[in-house]
Structure formats: C-alpha cells, structure tokens
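Read the figures in this text as sums done on the coordinates, not as results from a lab. Treat the numbers as computed from the prediction; the structure is a model and nothing was measured. As a convention, Cβ positions derive from the backbone with ideal geometry for all residues, glycine included, and neighbour counts pool all protein chains shown.
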DNA sequence: ATGAAAGCGCTAACAT
DNA sequence: ATGTTAGCGCTTTCAT
C-alpha cells in the first residue's frame, strides 16, 4: 500500500536503461527506438509508474498548461467557451488548468495568484474588469494574457470578445421596431457583475437614443442572475403597478423567470408584454413561447482565444502589441417578441 | 518584459536574508519574526515575486491540492458539490484541482492520469463506474480516493453518495399513489451515463414491483440529458400514440422539455399527464407548473466528501478500510404531479 | 529566529 | 539512439 512511489529511475533500472532514455520515451517527439519506447512504456505501466509533471516542469521550464478562469462552473456559455478553448489547446499539446471565482473580483485575485504559482504558459481570463492587483499580477506574469467575453477599453493585453453594451442596444432597437416603448431591464445592478452592468448601460444608452424612458430598472442583486430572481423582479414590478410593454433580462435565465411570473398571473407574452434575454441558453429555445435572445457565440470565443494562445506561444515575437479579436453576436428572434 | 522571473533567492538578496527565511515567511505556521515576515512579503510583492508551487511541492512532497473530477462544468448539481467540497478543503488549507470528462469514461481515464501526474494529495471522482485502467490508476495512486454521487457495489475505496436507483423507486411509488399506471421513463439508455442508467433500472424495478408495464422507455441518446432531447422524446412518444398518464425524466431538464412539448400540444399537466424529474434543478421550482423532483443534496455530498478527505489526510490510519457515507435524497412534490 | 548544505524527480546540454 | 553531468527553485535537516 504505502510503499515508496515508483520513480523514473526505478523504471530505468527495470528496463536496463538510463533515466534519460525513459524520459525520452515519455515524450512523443523524442529520439528513442520504437521498440525501446514500447518496452519502456509497458514496464512503466506494469510498475504503476506515473510521470511526475511537477518535476518535469521544474526542470524544463515548460508546464504544458494554460490557466483559465471562469466566473462559474454552472453556466452553459462559459462551458462552451472552455470546451472549445480546451480542444484548441489540446491540438497543440496544451492542457487547461481551470479555476472559477463565483463572480467575485477578490476571489478572482486569489485565484489568479494561485494559478500563477503553478507557472502556466499562458492565462485566459473571463471579463475585462479586475482588481488593480489582479491586473498587476497578470501584467507581470511574463506569459501571454487573454481577456474574453468583453472588449475592455484598457485591456491587460490581448482580447477575444464582444461588446455587452452593444448587444443590448441591438435588443432595444429590435423591441422598439416591434412597437415597444415602455421597456424595463432586469438585472445588472451590482458592479461585481461587470458584463451585466455593461448590458444595463447599453440598454440605457439605446433607450435615450430612442427618446424613451431608461429608468425602468429592476434590480436582482448579486450575480449570477437566476430564474428565481428574474421571476421575483417581474413580480415586484407588476405589484408596483409598473406596466412595461417589454422586458429585457440581463440573461435568458432572468428572462425566463419573468416569463413564468407572467404565466402565473395570466399576463400574455408577447401580446401584453414582450420578453427578451441574452445568451442563447437552451431555455430560450425550448420555453413556450421561445425567448428572443442574443447569441454571443461562446464556442467561437474559446476557439479564437485558444488559437491566439497557441500562436503567441509558438512565436513570442507575435506578442509585440495588444491583439484584439471581436466576435460578432447574433440576434435570435423568438416567440416572446413576435 | 521578458526578463528573468524573480526567484526566492532574489527576494532573499534584496532583503539581506537567506532564502530559507524567505521560504519560512511564505508559510503561515513557520517560525519567522513577525516584522521580518511583513518586510519580506512587502519586498516580494514589490519585486513581482510569485511563489513557485511546483518547486515547493517537489521538495516538500506536499502539493496542497485535491484532484476533483466532474462530468460537466455546466451543471448546477455538480457545481454545488464542488463549491461545498472546495470550501471544506479550503478550511484545511487545501485547494481543488478540477477536471471534467464530458460523461465519457475514456476521457475520465485520460483526465485521472493527467491529474495524478500533478501529485494530488487525494482524489475525489464523480460516479462509481470507471474503465479498468482508471480503477487501477486510482487504486495505485497511494492517496485517499473518494467516489461520489453513487453507491457502487464494488467501490474503489471510499464513497459519499446515494442510490440513484432507489430515487426512482421513490418517484414511481409517488406517481402510483397519485393514480398513475401507464408511466414512461425518458433517458438513461446509454451505458456511459451510469447514473442515468441506474435511475432507469430503479424505474423498471419499481414498476415491476407494482405489477405495471416497465417497457415505456423513451431514449434520448448520449448524456447529458437536455431540455431539447426531453422534448423530442416526448414528441416522439405522443406521435407514436403512446399515451402515458405519467412521465419521469432522467433529470429535471428532460422533464421540463417534456413539459414544454405538452404545452405546445395542449396536453394538460398534471390533468392529462403527470411529469416528474430528478435533481431539484432551479427549473423544477420555477416552471409553470413546478416539477416534482428528487433533491440529492449535492452540497451535502461535497461537504461530506471534503470533510472525509481532510480526515483521511490528517490521520492516514483512518484509511484502514473503505468508508461509506450515504446521503438521503428528498422527494419534492410540485404541481406537475398534483 | 535564522542559516548552510543537500536533494526532491526530472530534463537541458553535451557527449558518444 | 543512448548515456553523463549538472541544476531547475524550493524545503528538509541539522546547525547555531
């Protein structure tokens, strides 16, 4: 049971070879006899040897992984981004080291520091708003840094994202074209949720541009926006006598919650009130009616971020200036606004 | 930009101390003068020094993290388990190293091997079904191993979970008590989805116990079960003239999909058909009607698994035999069955 | 409370 | 295609 772990030297001894040859056998590209490699790997497996990635990384100064942070491990959009990113990096022999911060900038700071302690070869973070110390840590990391899901004015370095504000401007334009005037916005009221706050700002900008009242803001508190908080916000609005002819949720989850509250009260969607969301979550395509939303193409963000990371690692000269890749979001019209 | 990274020795030189004292300053419990430590940490921060966890772990043979695998990073239940686990481990100074396998046993095998290469101090995996090689890797890891979300007959070592089959027996009993006889089951048809297959088996067992027809099985293919596949399965069943008086989804997501299909066709829930799910996802509590489900207490699973890991690491003598902690799931009755 | 010497398990660099 | 020597950045161990 608790016998000493098998080391590379043990495998080398068993195979009658030097540790260096065993080391080479574990690298696909190294010059080792084909049969020698097969024999080494067989012996290693039999002995229960497990390669020590920490020792390898320490000596070679290459850890083979990219640190990735997401706000939550319970979100289809970030999952799609990470999956695509992971696939892209995998093709270059890189792995993802994943961390999450529960939408909390202080948590993000602690997370980034912990991840950097493991010496990733690149860092991909979600969002463009960080604590000053997080920014400093990232800038001093000495590795490529990519921010995603945002187009920050003052990026740390590289960016693959889209404008959350512009998405909501598009949505307001859509609703106004459909005849809506008294439009309410659910969420985005907590500054921690910077992407949500950006969307709310976009809502306000567009409303003012149309000469409409931008003050129908329904708060839902700390991120992430949920179905339950969306429903509660809608309930509170209706109880207060607010009679919007359209409601935009900071995400499809909040929008769906609002839809269910309407169903409970016999408020017809879209006849009495139109409803729209953000994110193109599955719920928007399955609910009755389907919910008008905006698809930010999460997988494409992951793919582009992964490809960019690979490019920057392959040729550090590419990292001479900030690179900015914009992914175009897509309006998906559902039954909730028509 | 690409200057040599700052090492502990650089900080020591700047502080006029030996590297050993700097090393101690970075361990909360080590004997260093209070002011000395503060000065060292300040200098380190100013110099942009980042502690090298790999070098530390290599020398001390303590990495300070626990490897955790989940099927998906897009699932509220696993997220709750990981959050609780993470909090519990954090109190003991341990971090989570998270990996996901997309419900694929071959992916799980590769994932477990990659995680073991980083020398975790313990391993927590989701589920009790693995490839033979995954079992071998885990058994030879020389660290505590905990399986969760299942009660396997032949566990690798320790278990914190519940019986997926028993949950569905409870649900069938509930529906039969409500008057249902022609009950259908959506999902669990792919062997990769072992927890889903267990639930399906529990459905069949209970139906036979009640002397009812257990053959109304609606397939949805590869896991995870989604709203869309649940809706498609319900649509196919209704198109084929199957007229169940109750439908159980392998998860709430599939159940909700079935509910929406009923809404689209004017089939009334629960009057024409009752609907039930599993998992106590938010959708079950927010949908109209709410969906009867089973709450497996994901956070409690995480908490117990974390506490067990901490206990086993604190005193390896505790690891003399397999420990099995059962978490009792809870039936939550909603409007979809009453 | 602080320091000196040695070495964790692997691989770069140089050999043959 | 394979072997030898040295050392990656830290911490153990034993000093003082």
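The simple Förster model, with R0 at 45 Å and r as the Cβ-Cβ distance, assigns residue B:139 and residue A:91 a FRET efficiency of 0.90. The convex hull of the Cα atoms of the protein assembly as shown, projected and averaged over all directions, covers 32.7 nm². Label-to-label distances for residue B:19 across copies, nearest first, come out at 1.8 nm, using points 7 Å from Cα in the beta-carbon direction. Inter-copy label distances at residue B:215, shortest first and taken from points set 7 Å along Cα to Cβ: 6.8 nm. For segment B:17-172, the spread of Cα coordinates along the three principal axes comes to 68, 31, 25 Å, biggest extent given first.
In the protein assembly as shown, helices alone account for a calculated mean residue ellipticity at 222 nm of -14000 deg cm²/dmol, with every DSSP H run of four or more residues adding -39,500 (n - 2.57).
Distances between every pair of Cα atoms in segment B:8-60, grouped in 10 Å steps from 0 to the bin holding the largest one, split as 26, 60, 14 percent. Estimated at 0.36 nm per residue, the fully extended path between residue B:29 and residue B:131 surpasses their Cα-Cα distance by 32.6 nm. Taking the average, over residues, of other Cβ atoms within 10 Å as the packing measure, peptides B:139-151, A:233-245 rank B:139-151, A:233-245 from highest down. Dimensions of chain B along the principal axes, based on C-alpha atoms and rounded to the nearest Å, stand at 83, 43, 31, largest first. Shielding of peptide A:275-287 by partners, expressed as the average count of other chain Cβ atoms within 10 Å per residue Cβ, is 3.
If each residue's Cβ is checked for other Cβ atoms within 10 Å, how do A:51, A:203, A:65 rank with the fewest at the top?
So the ranking, lowest neighbour count to highest, is A:51, A:65, A:203.
Normalised by residue count, segment A:229-334 yields a Cα convex hull volume of 113 Å³ per residue.
The mean number of Cβ atoms from other chains found within 10 Å of a Cβ in peptide A:90-98 is 2, as a whole number. Mean partner shielding of peptide B:57-67, defined as the number of other chain Cβ atoms within 10 Å of each residue Cβ, is 2.
Can you work out the FRET efficiency for the pair residue A:205 and residue B:205, with r the C-beta to C-beta distance and R0 = 45 Å, to the nearest 0.05?
On the way: r = 59 Å, r/R0 = 1.31.
The computed FRET efficiency comes out at 0.15.
Note on residue A:42 and residue A:240: the model spin-label points, each 7 Å out from Cα along the C-beta direction, lie 7.5 nm apart. Cα-based values for segment A:275-333, radius of gyration first and Dmax second, are 16.4, 52 Å.
Seen against the Cα atoms of chain A and their longest principal axis, helix A:164-177 is set at about 30 degrees. For segment B:1-106, the Cα-based Rg and Dmax, in that order, read 18.3, 54 Å. For segment A:164-295, just say rounded, prolate or oblate: build the C-alpha gyration tensor, square-root its eigenvalues into a ≥ b ≥ c, call rounded for a/c under 1.5, and beyond that prolate if a/b exceeds b/c, oblate if not. Rounded, because the longest to shortest axis ratio a/c is under 1.5.
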